[in-house]
Structures are given as structure tokens and as C-alpha cells.
Amino acid sequence: MSVKISKKYKPSTKEKYMCPKHKEFFKQKLLDWKSEIIKSNNKALYFNDTDHNISSPDIVDQASSVTEKSVEMRTANRQRKLINKIESALRRIQDNTYGFCDETGEPIGLKRLIARPIATLSIEAQEKHEKKEKIFADG
């Protein structure tokens with residue numbers, strides 16, 4: 001699928017949906033995003049390598065440090081899940097299912113994918129899904 005696109009290229013609805021240019025655009029977008037996440041994680045690991053007052057005699061410093069560690073762990077976990085979703089999207093590009101709703105098989109749409117390249121549901125399917133979640137959460 002090796003199609004060359006310029007850095008300024010933006011997918012257009014005038015082109016065939018999920019044509020090779022679209023796929024290359026989203027592949028690059030996803031790879032860049034993944035690279036940014038890994039870079040920021042590596043920086044965070046490097047700067048947080050020093051022990052943050054966990055063994056400090058000051059109880060406030062200890063509590064603050066434990067809270068910071070908890071936030072860092074949640075952030076790292078979210079980023080790990082995000083990388084998994086990015087890798088899943090890259091696999092869908094390979095198997096030609098990227099850009100199509102998991103539930104309806106309909107196109108997700110370029111605007112939605114540009115805003116959220118890991119989307120797997122169309123806006124309508126996503127709204128239905130969220131309404132069901134809300135019903136179960138409220139019930």
C-alpha cells in the first residue's frame with residue numbers, strides 16, 4: 001500500500017472513501033501519535049526515576065508522593081490502552097476494515113476519523129452505545 005502523500009495532504013470526500021491515500025494518511029497519523037506517546041512516556045520515566053519523598057519523615061510529603069505515583073500509574077495505564085487501540089487501528093488499515101463501523105459496517109466518516117483516528121463506531125452507533133451505557137449506569 002506504499003502511497004506517497006505530502007505532509008500537507010488532508011483526506012477529501014471527493015476521493016473514494018478509504019482509498020490508498022486515505023489509508024496512508026491515517027497510518028502516518030496513527031504512527032506519529034504512537035511515537036509521541038512513547039516519547040512522552042520515556043521522558044516521564046526518565047524524570048520520575050528519582051524517588052519522590054516516599055521515605056520522607058514528613059507525612060504530608062509521603063502522602064503527596066503516593067498520590068503523584070497513583071496519578072502517574074493511571075496515566076501510564078491509559079496510555080498503554082491507547083497504544084493498544086492505535087495498534088488495533090493500524091491492523092484494521094492492513095486488513096481493509098479501517099474506517100468502517102464495527103456494528104453497522106457503514107463508513108465512520110473522514111471528519112470523525114481525523115478527530116479520533118482510533119474510532120471504531122460511527123457517530124450514530126457510538127451514541128446508541130452511550131445511551132445503553134447510561135441506561136445501565138442509571139438502572
Flagged in region 60-81 as exposed (fewer than 15 other Cβ atoms within 10 Å of the Cβ) and within 25 Å of residue 29 (Cα to Cα), in numbering order, are 74, 75, 76, 77, 78, 80, 81
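Suppose the filter is free of Cβ contacts under 8 Å to residues at least 40 places away in the same chain, outside any loop (DSSP other than H, G, I, E, B) and either over 29 Å from residue 15 (Cα atoms) or small (Gly, Ala, Ser) (or both); does residue 76 pass it?
Details: free of Cβ contacts under 8 Å to residues at least 40 places away in the same chain: yes; outside any loop (DSSP other than H, G, I, E, B): yes; either over 29 Å from residue 15 (Cα atoms) or small (Gly, Ala, Ser) (or both): yes.
It is true that residue 76 is free of Cβ contacts under 8 Å to residues at least 40 places away in the same chain, outside any loop (DSSP other than H, G, I, E, B) and either over 29 Å from residue 15 (Cα atoms) or small (Gly, Ala, Ser) (or both).
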Within region 80-121, can you find the residues that are of a type in the set (S, T, N, Q) and assigned to a loop (DSSP other than H, G, I, E, B)?
96, 97, 104, 120
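Taking region 65-101, which residues are among the acidic types (Asp, Glu) and modelled with pLDDT of 95 or more? Break it down into steps so the answer makes sense when it comes.
Keep residues of region 65-101 that are among the acidic types (Asp, Glu), which gives 68, 72, 87, 95.
Of everything in region 65-101, those that are among the acidic types (Asp, Glu) and modelled with pLDDT of 95 or more turn out to be 87, 95.
Quick check, is residue 16 within 18 Å of residue 109 (Cα to Cα), among the basic types (Lys, Arg), at pLDDT 95 or above and assigned to a loop (DSSP other than H, G, I, E, B)?
Details: within 18 Å of residue 109 (Cα to Cα): yes; among the basic types (Lys, Arg): yes; at pLDDT 95 or above: yes; assigned to a loop (DSSP other than H, G, I, E, B): yes.
Yes: the conditions hold for residue 16.
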Can you tell which of 84, 96 is exposed (fewer than 13 other Cβ atoms within 10 Å of the Cβ) and either touching a residue at least 40 places away in the same chain (Cβ under 8 Å) or in contact with a Gly (Cβ under 8 Å, 6 or more places away or on another chain) (or both)?
96
Give me the pairs, please: first residue somewhere in region 24-39 and part of a helix (DSSP H, G or I), second residue anywhere and among the hydroxyl-bearing types (Ser, Thr, Tyr) and surrounded by 12 or more Cβ atoms within 10 Å (Cβ to Cβ), beta-carbon distance under 7 Å, and either six or more positions apart or on two chains.
25/9; 26/98
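The values are calculated or read from the model by the stated rules, or taken from the named source; none is laboratory data. Small disclaimer: the values here were computed from a predicted structure and weren't measured. Because the Cβ atoms are built from the backbone with ideal geometry, glycine has one as well, and the counts that use them run over all protein chains shown.
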